[in-house]
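S.K.: One structure follows; several queries about it will come next.
The values are calculated or read from the model by the stated rules, or taken from the named source; none is laboratory data. Computed from a predicted structure; not experimentally measured. Neighbour counts run over all protein chains shown; Cβ positions are idealised from the backbone, glycine included.
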Amino acid sequence: MASTYTPLGIELMATGENAGTWGTKTNTNLSLFEQITGGFSQVSIAGGAQTTALTVVDGSTTGTAQYRMIEFTGTITGNQIVTIPLDVETFYFLRNSTTGSFTVQFKYTSGSGTTATFATGDKGDKLLFAAANDATNPDIKEISLASPPGGSDTQIQFNSGGTAFGGSANLTWDGSNVQIGAQGDLRLADSDSSNYIAIQAPGTVASNVTLTLPDTAGSADQALVTNGSGVLSWSTISGGAAWQAVITADPANAVAGNGYFCNTTGGAFTVTLPTTATIGDFISFIDYAGTFDTNNLTIGRNGHNIQGTAADLTVAVERAGFTLVYVDSTQGWLLKDN
């Protein structure tokens, strides 16, 4: 009696058969069994629209359908079909690593059973059962790796019905947002989950508030500030002016946030305000040598009002020290005592 073969090519030897070759055939069977249960293969399906038949070779490890994990490769320029023989009963891990935006369908070689398809542009993974549940129309049954039933193919979620997550009435999905109710907090755990940092709403909120984070990491020593409407941005916070070295002439326009020691011993000069300014910008000035009364310091307005007036500011007070703060285009820069 001759050997028979399983649908995946493992040789079933008859009693008394294969004397002298039994050991070799057994070793081939063991290698094939290892390949079927845990083997990995890459199969190129490059080209235009076509059908690629994965094969089973009886008593051999050369069949392309005799692997547990199969990765499809190559550049595809048309929709692809990949088939397996009608009697194959197993499961496959498939990965679509092709390039090209076309579908890749996995199916039995014939029949009207169900199939599994990588959609156009889907370069992901699939876990499939080749059911061999019908002699002529067997099914390919897909187990989604992307989400539980009820989710989408790009999200992991408990449900999509707008109700509680995992049985908790405090964690819900409204179709656009996740909400943690009853003043629950969002906890970000450390590396071993022994401690966490939590974000929590206050006990009472008068109206809904959305805080929009900035799109950069900011710079060292900056802090988050709001524009009054919940849009956050990074801002440099300091305790006072950044004082500059003594000046004896206009420093090519003063800079907001700076302080200037002005020495008019050699003669009067003008310090010009910045071209642009925003609310809260400030600049400080100090009479370095006590000579403002004899050699005045002039603050050039540079198109802005000073104290609500479209005129430069002349300072003629010995040992004067003062700060200008910008408020708006109407009042411009206003005087503030140091």
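S.K.: Filter segment 118-139 down to residues that are surrounded by 15 or more Cβ atoms within 10 Å (Cβ to Cβ) and in a strand (DSSP E or B), then give me how many there are.
M.R.: 6
S.K.: Quick one: count up the residues across segment 286-321 that are out of contact with any Leu (no Cβ under 6 Å at 6 or more places or on another chain), of a type in the set (A, V, I, L, M, F, W, C) and closer than 19 Å to THR272 by Cβ.
M.R.: The number of residues fulfilling the criteria is 8.
S.K.: Among the numbered conditions (1) of a type outside the set (Val, Ile, Thr); (2) surrounded by fewer than 15 Cβ atoms within 10 Å (Cβ to Cβ); (3) farther than 21 Å from PHE269 by Cβ; (4) touching a residue at least 12 places away in the same chain (Cβ under 8 Å), tell me where ASN305 comes up short.
M.R.: (2)
S.K.: Within the set of pairs 6 or more residues apart or between chains, which connect a residue that is touching a residue at least 40 places away in the same chain (Cβ under 8 Å) inside segment 318-332 to a residue that is in a strand (DSSP E or B) and surrounded by fewer than 17 Cβ atoms within 10 Å (Cβ to Cβ) with Cβ atoms less than 6 Å apart?
M.R.: Close Cβ pairs satisfying both conditions: THR323/LYS336; VAL325/LEU334; VAL325/LYS336; VAL327/LEU334.
S.K.: Kindly indicate the residue of segment 261-302 that is touching an Asp or Glu at 6+ places or on another chain (Cβ under 7 Å) and among the acidic types (Asp, Glu) and also surrounded by the most Cβ atoms within 10 Å (Cβ to Cβ) among those meeting that condition.
M.R.: Per the stated criteria, the residue is ASP287.
S.K.: Looking at segment 94-133, which of the residues that are among the charged types (D, E, K, R) and at pLDDT 95 or above is farthest from ALA46 (Cα to Cα)?
M.R.: So in segment 94-133, the residues among the charged types (D, E, K, R) come out as 95, 107, 122-123, 125-126.
Of the ones still in play, those that are also at pLDDT 95 or above are 95, 107.
Details: ARG95: 15, LYS107: 18 Å.
Of everything passing the filter in segment 94-133, LYS107 is farthest from ALA46 (Cα to Cα).
S.K.: Another question, then. If we keep just the residues of segment 59-72 that are surrounded by 16 or more Cβ atoms within 10 Å (Cβ to Cβ) and not small (Gly, Ala, Ser), which is nearest to PHE91 (Cα to Cα)?
M.R.: Selected residue: ARG68.
S.K.: Under the condition of being closer than 22 Å to ILE283 by Cα and aliphatic (A, V, I, L, M), which residue from segment 221-239 is surrounded by the fewest Cβ atoms within 10 Å (Cβ to Cβ)?
M.R.: By that ranking, first place goes to ILE237.
S.K.: Picking from THR83, THR62, THR98, which residue would you name as being within 35 Å of the chain's Cα centre (by Cα) and assigned by TED's automatic domain parsing to the domain that holds ILE10? Write out each step before concluding.
M.R.: Numbers: THR83 fails: within 35 Å of the chain's Cα centre (by Cα); THR62 fails: within 35 Å of the chain's Cα centre (by Cα).
None of the other options fit; the residue is THR98.
S.K.: Could you figure out which of (1) modelled with pLDDT of 95 or more; (2) out of contact with any Lys or Arg (no Cβ under 6 Å at 6 or more places or on another chain) isn't true of THR163?
M.R.: The single condition THR163 does not satisfy is (1).
S.K.: Here's a follow-up. Of all residues being out of contact with any strand residue (DSSP E or B) (no Cβ under 6 Å at 6 or more places or on another chain), closer than 28 Å to ILE76 by Cβ and among the polar types (S, T, N, Q) in segment 5-59, which is modelled with the lowest pLDDT? Just the residue, please.
M.R.: GLN35
S.K.: Additional query: Just name the residue that is farthest from ILE10 (Cα to Cα) out of those in segment 63-102 that are of a type in the set (Ser, Thr, Tyr) and out of contact with any Gly (no Cβ under 9 Å at 6 or more places or on another chain).
M.R.: Let us first name the residues in segment 63-102 that are of a type in the set (Ser, Thr, Tyr), namely 64, 67, 73, 75, 77, 83, 90, 92, 97-99, 101.
Applying the additional criterion that residues be out of contact with any Gly (no Cβ under 9 Å at 6 or more places or on another chain) yields 64, 73, 83, 90, 92.
Details: THR64: 14, THR73: 27, THR83: 20, THR90: 13, TYR92: 17 Å.
So, considering only residues that are of a type in the set (Ser, Thr, Tyr) and out of contact with any Gly (no Cβ under 9 Å at 6 or more places or on another chain), the one farthest from ILE10 (Cα to Cα) is THR73.
S.K.: List the residue pairs whose Cβ atoms are under 6 Å apart, where the first residue sits in segment 180-196 and is over 9 Å from ASN170 (Cβ atoms), the second is charged (D, E, K, R) and modelled with pLDDT under 90, and the two are 6 or more positions apart or on different chains.
M.R.: These pairs meet every condition: TYR196/ARG187.
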